1. Taking only the range 100-109 into account, find how many residues are crowded, with 16+ Cβ neighbours inside 10 Å and either touching a strand residue (DSSP E or B) at 6+ places or on another chain (Cβ under 8 Å) or at positive phi (or both).
2. Counting only residues that are closer than 27 Å to ASP56 by Cα, of a type outside the set (Ser, Thr, Tyr) and either at pLDDT 95 or above or surrounded by 16 or more Cβ atoms within 10 Å (Cβ to Cβ) (or both), how many does the range 119-136 have?
3. Any idea which residue in the range 151-168 is farthest from THR80 (Cα to Cα), counting only those that are modelled with pLDDT of 90 or more and of a type in the set (A, V, I, L, M, F, W, C)?
4. Looking at HIS8 and the list (1) of a type outside the set (A, V, I, L, M); (2) at pLDDT 95 or above; (3) out of contact with any strand residue (DSSP E or B) (no Cβ under 6 Å at 6 or more places or on another chain), which single condition is not satisfied?
5. For ASP21, indicate whether it is acidic (Asp, Glu), modelled with pLDDT of 90 or more and part of a helix (DSSP H, G or I).
6. Quick one: in the range 137-152, of everything that is charged (D, E, K, R) and loosely packed, with under 12 Cβ neighbours inside 10 Å, which residue is farthest from ALA107 (Cα to Cα)?
Amino acid sequence: MLERINKHIIQIRPWEDKNLDLLFQINQPEMMEHLGGPESKEQILNRHNRYLNLSDKGCMFSIKLLSEYKPVGSVGFWETVWNGESVYEIGWSVLPNFQGKGIATNAVSLAINEASVENKYRYIHAFPSIDNPASNAICSKLNFSLIKECEFEYPPGSYMRCNNWRLELNRQ
């Protein structure tokens, strides 16, 4: 049985230039299996720059454990338009050695709290692949509502079958 991590030792920190190495760690075949496969070095550098420059359109975070000296994953939210409505979208990734311990669930919860504080949109959506039971379970645990299965473009130019999960944000 996997050891659960106490939620009080999980922190999310705004994305920094020094987190580039984390993106390269995440960009491994087993980590990108449900996201169209690994990206090129140029794509990773572009993603890193987008994360650094989200400004008022969302926020990316590194996930840290107080017991670790380096990040163990990422989580973030960003503006998007879904079915003609402006909403936040949320996504996350936790390195393999730290999966299955509740880290992603707690980090996603912290990011949702940050999105709620923004008081900008009514809903936040997650679009995990229908073939990703762990990410779908996180949505269920955090009381997202499963809207329906859908076709989702990710990465750009490639379509995948996803579940559209939606959570109403606690607006201030």
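1. Residues of the range 100-109 crowded, with 16+ Cβ neighbours inside 10 Å: 101-109.
Going one step further and asking which of them are either touching a strand residue (DSSP E or B) at 6+ places or on another chain (Cβ under 8 Å) or at positive phi (or both), we end up with 102-104, 106-108.
Qualifying residue count, the range 100-109: 6.
2. Here is the first cut: in the range 119-136, the residues closer than 27 Å to ASP56 by Cα are 119-128, 135.
Then drop every residue that is not of a type outside the set (Ser, Thr, Tyr), which leaves 119-120, 122, 124-128.
Cutting the leftovers down to either at pLDDT 95 or above or surrounded by 16 or more Cβ atoms within 10 Å (Cβ to Cβ) (or both) gives us 120, 124-128.
The number of residues fulfilling the criteria is 6.
3. Checked the range 151-168; the qualifying residue farthest from THR80 (Cα to Cα) is CYS162.
4. Single failed check for HIS8: (2).
5. For ASP21, the condition - acidic (Asp, Glu), modelled with pLDDT of 90 or more and part of a helix (DSSP H, G or I) - is met.
6. Top of the filtered list is GLU151.
The values are calculated or read from the model by the stated rules, or taken from the named source; none is laboratory data. Small disclaimer: the values here were computed from a predicted structure and weren't measured. Glycine also receives a Cβ, built like all others from the backbone with ideal geometry; neighbour counts cover every protein chain displayed.
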